[in-house]
Structures are given as structure tokens and as C-alpha cells.
1. Hey, any idea what % of segment 137-277's accessible area is carbon plus sulfur with a 1.4 Å probe?
2. Assign one of three labels to segment 186-328, namely rounded, prolate or oblate, based on the Cα gyration tensor with a ≥ b ≥ c the square roots of its eigenvalues; rounded applies when a/c is under 1.5, prolate when it is not and a/b is larger than b/c, and oblate otherwise.
3. Given Cα pairs under 8 Å that are at least 6 residues apart, what percent is the relative contact order of segment 209-329?
4. Ordered by residue, what ³J(HN,Hα) values in Hz, to whole numbers, does segment 278-285 give under the Karplus form 6.51 cos²θ - 1.76 cosθ + 1.60, where θ = phi - 60° and Gly and Pro are x?
5. Could you run the Karplus curve 6.51 cos²θ - 1.76 cosθ + 1.60 with θ = phi - 60° over segment 174-180 and give me ³J(HN,Hα) per residue in whole Hz, x for Gly and Pro?
6. For segment 107-224, just the Cα atoms, rotate onto the principal axes and tell me the three extents in Å, largest first.
7. Per residue, what accessible area does segment 237-380 have, given a 1.4 Å probe and all protein chains present, in Å²?
8. In Å², what does the accessible area per residue of segment 107-224 work out to with a 1.4 Å probe?
Amino acid sequence: MAVAARKGRTTASPHSSITTAAWPGSPDGWLSWIPLPEWALISVAVAGAILLLLFLICIIKCCCSKKKPKKEERIGLCTVSNSTTINLVQPEMSDLEQEVEQKCRGKLQYSLEYKFHTQELKVGVKQAAELKAMDSGGTSDPYVIVYLTSDMRKRYETKVYRKTLNPIFNESFTFQVPQAEVSESTLVMQVYDFNRFAKHDIIGEVQLPLARVNLQHVIEQWSDLAAASKVEEEHLGEICFSLRYVPSTGKLTVLILEARQLKQMDSDGLSDPFVKVHLILNRKKWKKKRTSVKKNTLSPYFNEVFVFEVPFSQIQNVDVVISVWDHDKVAKNEPIGKLFLGCRATGNQLRHWSDMLSNPRRPLAQWHILQPPEVVDKALGLKSHLKLPLHSR
């Protein structure tokens, strides 16, 4: 019986172990088969979670930065000296930028008519549209300068229109052009932004070679403004002065303030400038005065005032001629440049004169660009060989 009892115990122990062990497919079953303590298992699980999180972060970064290599490659092309390669890779960007720059300047409407029997070219400046804003207020003060490359000294200017990007000019100008020279000339129309106290900014220009134009018919068309060409006529300088007229007393006050960037007239690269102020009445020289001479300078400061007696009945018939001269002790004084103001003037000079008449008793200062002396004399219609009455006050 003892043997039987022992046998019973031996047969019962396997049965008891089976009933107490966990099912191998459950989590507790798997953990029971891993020969590690519980704290080690927790550490392994935490480390695995961290690695998985880092892996996910790397995947997200790679996905977000897929487009960056293209941008870096595009920037790197700028360092390549071969411009042809850049143009082949990215031609549309430069074309797009030029197109945007072109459109931003605006456009100009004009007309052309050539009269063969009189050999005259009539240029009509109609209007401009969508001009580039040059002032801080989002507008401009546009006007147009018109000239031919065959005679760049003969220039016409339209009136200035305040605070607008769509001015209507409706002005026409006539050039005397022999038929043989038409094909060699180019018509240039430049749109400027007026500024009373600083240099006028150019908005854009239209260049029209007349050889490409059929002048057998009257032409009227729109053209986009392009960037201004760098080839310009000789710069003579600029002068700033103020005008003031009091109708009740008939006193016209001209204050010569300063000049700048004058043409070099002496061998040392400087000049000895002074200014003459002439009054022309009914196309005849009437009165004159002059400033002192400023030695060795291209930007003289004068601040000299002159007062002329001009009755109100005569103010519409008076032209004021401002001329800058280079003084020479040995030889004859040479003119650097001129301009004139009055009801017969055009462009900025006419605007300055009109502002003076519209604001009596108020001094109005403005910068003006000097013009070639012979051009101003021709516009005034003065005949130098006639001895005209000359009085000085």
C-alpha cells in the first residue's frame, strides 16, 4: 500500500502542474517563458517605444523636406559661370520677371502723321494708362518729353498732371524732318514723374524707329513703356530759383538759390559760374541783372534776389530767361545753359510760371534742367543781329 500511495503521488503531480500553468497563447504565458525579471522587461519596453518614436520623427522630417533639394539645386545654379546652362534650366522665370517689369511701367497712346509736302512729322501724345506709382501716396505727377534722335536738342514737353496714373494729355508737336532723314531717325517719348524740389524720375519710355513705320497713313496706337535707355544728351546742369509776383505793386521777384552738377568748362574740371536774369517783353530784350561769380565750383550757392517792375497789364507778354555762364578773365564768357519761363514756355517752365500767377505774393521755388543756349534762343525767336532796346534797373 505504501508503494501504491507513492505511485498515486507520482501520477497526481503532473496533473496538478498542468492545471496550475498559464495558457501559452496569452500574454502572461509568453512573459512566463522569458527568463528575465519584471523590471528588465519594463526597461526593454520603454527603450523600444523611444526607438519607435524617433523612427517616426525621422520619417516625418524626410517627408516634409523632400522639396528642399530642388531649391538648393536651383540656388546652386547661380554660381555656375555658364549663363547658357541657367537659361536652359530656368528660362521662364527671367521672361516672367521682364514681363512683370514691363507691365508695371504702364502704357502710352500716341499718333503719328508725316506730311510729305511740308516734310513735317506731327506727333500726338494722347494719354497714358496704368502708370507706375512713383510717389509715396500711390500716385505720380506725369508729363511726357518728346524728341527725335536725329536732333536731340529739340525737345517738347507736355503739361504736368497732378496725382494720377491715367493722365489725358491730348497735345501735339511738330518736327521738321527732311524725307531723306526720316528712316535714320527714332522717335523717343519719355514719361517722367514731376518733382518740384528733386530730380524728376523717369517712369518709362517708348522708342519708335521711323524706318519701321509706314508713314503713308496716320497712325494711332498704344505701346508699353520700357525701361529708359542710358544714352542721353550731354548734361548741362540744374538750377533752383523761386518766383514771386505781386499784382497790386507790379513787382516780380526772382531769387536765384543754387545750381548743381554744372558742365565742366575749365581745364581743371571746374567752372566759375554766374547767372544772368533777362526779361523779354514782346520778343525784345527789356531788362537784365546778374549774380556774382562763384569760383572753382560746379555746384554754386548764390541766394541772390532781383526785383523787376512788371505792370500787371504786361505780365502775360513777359518771358524770364535764366542763363548760367562760365566767367573767363582772358577770353569771352561762355554760356553753360539756359531756360525761359512765361506764357510761351512749355513743360516744367510753364508749370512754374502758372503756379506763380495762381499764387500771388507767394514765393515758389523749383529745380529746372538747363537746356542748350541755341535751343532756347530759337524757341524765343530772338534775332541777335538786331539792336533792341535794353534797359537795366
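1. Of the solvent-accessible surface of segment 137-277, carbon and sulfur hold 47 percent.
2. Verdict is oblate for segment 186-328.
3. 26 percent
4. Once θ is set to phi - 60°, the couplings for segment 278-285 become 10, 10, 10, 10, 6, 6, 10, 5 Hz.
5. 10, 10, 8, 10, x, 4, 5
6. Extents along the principal axes: 47, 26, 19 Å.
7. Counting only protein heavy atoms, the per-residue value for segment 237-380 is 44 Å².
8. Here the residues of segment 107-224 average 50 Å² of exposed surface.
The values are calculated or read from the model by the stated rules, or taken from the named source; none is laboratory data. Nothing here was measured: the structure is a model prediction, and the numbers come from that model. When the accessible area is computed, the model is the full protein with side chains, heavy atoms only, and any ligands, DNA or RNA have been set aside. Shrake-Rupley method; radii C 1.70, N 1.55, O 1.52, S 1.80 Å.
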